[in-house]
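Bear in mind these aren't lab numbers, they're just calculated from the coordinates by the rules spelled out. Because the structure is predicted, anything quoted here is derived from the model rather than measured. Here the Cβ positions follow ideal geometry from the backbone for every residue, glycine too, while neighbour counts run over all protein chains shown.
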Amino acid sequence: MNELAIDSKDLTKTYGSIRAVGGINLSVPRGAIYGFLGRNGAGKTTTIKMLLGLTRPTAGTAKVFGMDVSAECMAILRRTAFVSEKKTLYPSLTASELVRFSRGFYPTWSDSAVEKYARLLEIPMKQRFEKLSNGNQTKVWLLLALSQGADLLILDEPTTALDPVSVDQLLHVLAEDGLDRGCTIFFSSHQLEEVERIAEYAGVIDRGKLLLESRLDDIKSEFRLITAAGNSLPTQTSPQVLSVVTEGNFYRYVVTKDADSFASGLSQNGATITNVATLSLREIFLQLVRKEQ
Amino acid sequence: MLFHVNPSSGVPIYLQIETQVKNAIAAGALRADQALPSVRKLAAELGINPTTAARAYQNLERDGVITTIPGGGTYVAENVPRFLKSEKLRRLQPYARQIAVEGAQLRLTNDEILKTVRDELDSLGERK
Amino acid sequence: MYFWKCWRDTRSFFIVFLIIAAIVMPVAAIVCVGTHLVEDFGTSAFSTTFGLILTAVALGLGAVGAIHEFADKTAHFLFTKPRSRAYFVWAGWAVGLAELAAVAAVNFLAGWATLSHYSKNPFHSALHGSMTAQNFLDDLIFCIWAYCLTYSLTVLLRNGLKGLGASMAILFGLPFFAAAVRWRWHIDLPLFPGLPLGSLPLVVSNIIWILIAMFFVLAAQLVVERAEM
């Protein structure tokens, strides 16, 4: 029995000479909430499109619930709900009609979920889609996805158009839904604070490459900002030392793991450790992304 | 139960919760046998992933700080965790180091530093 | 539910033309009788209106029925539903075809009723009998063919107006092209359904035309299946 909801190996997408996604190895455990982080144009949407059969991979493989995305697309789509980055839907249909349209495709559809989320997210159900605000259009997409009874929710930038109150409502809903139904939630975002609140796992993608993938708690436990004072301290970057900044006798290191032993090493070479600090996800993300440049 | 977490802090959320529960117990705000909110309720209040809340509770239970009755809820444990003295002292050490470093930087005398610590302990004793 | 949505998309267009199809013959009859143009009224008027209305409907439905997925940028919604893309292409096609058939049927019945009424009148009795089933069948096959062509072009070009334009360009341009070919190379190109292919009997020709029409839609299906969103 496959433990991974999403499992990709060297997943690659090339458009002519442009490598949108290059050799991504995703591992999303079942039942987890996974935040897929990256800047605009990093390859988040392209990766998602490959998982859903909207685009064919140029190389590599991807499996959703153990099913290959190229060979068993229909079976995957039956169990997967999707919110697209482009929140467009049929302009002349109302939310109620869109519900009616979607319901027929999924035996696992839940009408009680429709009622519950329409109320919770305060969605106008009788207005034509084209007349809804961006925020409400996003909410309709979310309503359709949440009511589907899917085992996997793939949400591409679900909060971009939402106001802070709606974001809050949505994050609550996602956290609870994940717990109640045990579904896996894979959502992409460049809003790091939201990811920090509910994601258990985080994957950072930049320029088509997966720079980091780990439990969020572990990332936060492992990454440290070490400030030391001394003479001629090491300034080499490495897999462990992400960056070094110096100013006079001060050295500031961003360390990705084993911070204690690194600090001890510095001390043994005569340095004084003035501070060892934790890093927020935003700081970690910026360090990772800048390093690649 | 007024807990607060900062998801953007470098400290993992579960750890923040554990620390606050321990602080609350140490300060007397939570007493032995007092009920704690369920995992789901705590997660809902704080707006976090219930798995994170569950992890905090698991760790607290492992450390003997709280106990869970199956189907009955979560409560502050009756006894102080039965750690070895050496383990307890080891846990305190990082905090002591911080006090020492801070005090030294401020150029306070050892007596002044120790007095400050004693005063804190006294005020805790009063609240209990 | 997808059929319902296709119906919703084409509903207005369909109903308007259904009404036109129902009333054009009676209205024309009343007008002609009133202005004593009765010699020109009869089967030629009937088959002309039948052909015109149906061609308009065929082209219109072909464009309107197919545009929404690509023109409205809802491909990423529809194609992540657990149904094959072929299903969506053919379902949309089927709805349009059913509507085309409905308009054809209504127009035919309205014309028939009109002529039956007027055939009591001695002016029409001579003309009434020369109307053949073959005329209508040819018209119908031509319109199905035009519908399939327009539908496929709209799907391929991802735009209703472009699909309509391309289809009309082919329909109106083909005779000229064929005339040029005949003049230059003395080859008779097959034109449209209704005209026999070479020396084949008409029935076989029409069957081949229908198969060609199906092929248009199949081509659209294959392109959609390979498309990247």
Segment A:1-159: C-alpha gyration tensor shape, a/c 1.5 cut-off, then a/b vs b/c
prolate
Obtain the radius of gyration and the Kirkwood radius of segment B:13-76 from its C-alpha atoms and give Rg over Rh.
0.93
What value in Å³ per residue do you get for the convex hull of the alpha-carbon atoms in chain B?
129
Assign unit charges at the C-beta atoms only (+1 for Lys and Arg, -1 for Asp and Glu), then state the dipole size of segment A:1-151 relative to its Cα centre in Debye, rounded to the nearest 20.
400
Additional length obtainable on full extension of the chain from residue C:83 to residue C:98, 0.36 nm per residue less Cα span:
3.3 nm
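Treat every Asp and Glu Cβ in chain A as -1 and every Lys and Arg Cβ as +1, leave all other atoms uncharged, and give the resulting dipole magnitude about the Cα centre to the nearest 20 debye.
For chain A, the charge dipole is close to 880 debye.
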With each label point set 7 Å from Cα along the Cα-Cβ vector, what nm distance links residue A:287 and residue C:186?
8.7
Going by average Cβ neighbours within 10 Å, how do the peptides A:105-115, C:83-93 rank, with the highest at the top?
C:83-93, A:105-115
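Under 8 Å for C-alpha pairs, at least 6 residues apart: give me the relative contact order for segment A:1-150, rounded to a whole percent.
Computed over segment A:1-150, the figure is 21 percent.
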Please list, or write none, the aspartates and glutamates whose alpha carbon is within less than 15 Å of the alpha carbon of residue A:87, excluding same-chain residues fewer than 8 places away.
A:130, A:156, A:157, C:69, C:72
How many percent of Cα pairs in chain A exceed 23 Å?
59
What does the C-alpha gyration tensor say about the overall shape of segment B:85-127? Classify as rounded when a/c is under 1.5, otherwise prolate if a/b is larger than b/c, or oblate.
oblate
Out of B:57, A:188, C:221, whose Cα points farthest toward the positive end of the dipole of the protein assembly as shown (charges: +1 Lys, Arg; -1 Asp, Glu; placed on Cβ)?
C:221
Hey, got the average number of other protein chain Cβ atoms within 10 angstrom for residues in B:46-55?
6
What does the highest-first list of C:58-64, C:10-16, A:37-43 look like by mean Cβ count within 10 Å?
C:58-64, A:37-43, C:10-16
Simple Cβ-charge dipole of the protein assembly as shown, Lys/Arg +1 and Asp/Glu -1, about Cα centre, in debye nearest 20:
400
Once Lys and Arg get +1 and Asp and Glu get -1 on their Cβ, which of C:116, A:106, C:179 lies farthest toward the positive end of the dipole of the protein assembly as shown?
C:179
In whole angstrom, how far apart do the alpha carbon centroids of segment A:56-80 and segment B:17-82 sit?
41
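Do any of A:49/A:209; A:63/C:81; A:257/B:115; A:44/A:131 go past 26 Å between their Cα atoms, and which?
Violating the 26 Å limit, Cα to Cα: A:257/B:115; A:44/A:131.
Would you mind classifying segment A:228-293 by shape? Square roots of the alpha carbon gyration tensor eigenvalues, ordered a ≥ b ≥ c; an a/c under 1.5 is rounded, otherwise it is prolate if a/b is larger than b/c and oblate if not.
prolate
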Provide the FRET efficiency to the nearest 0.05 for the residue B:92-residue C:105 pair, computing r from the beta carbons and using R0 = 60 Å.
0.10
Where the eigenvalues come from the Cα gyration tensor of segment A:119-244, what are the semi-axes √(5λ) of the equivalent ellipsoid, largest first, in whole Å?
38, 16, 13
Show me the three semi-axes of the equivalent ellipsoid for the protein assembly as shown, from the C-alpha gyration tensor (sqrt of 5 times each eigenvalue), largest first, rounded to whole Å.
73, 28, 18
Would you tell me the mean number of C-beta atoms belonging to other protein chains that fall within 10 Å of each C-beta in A:88-99, as a whole number?
3
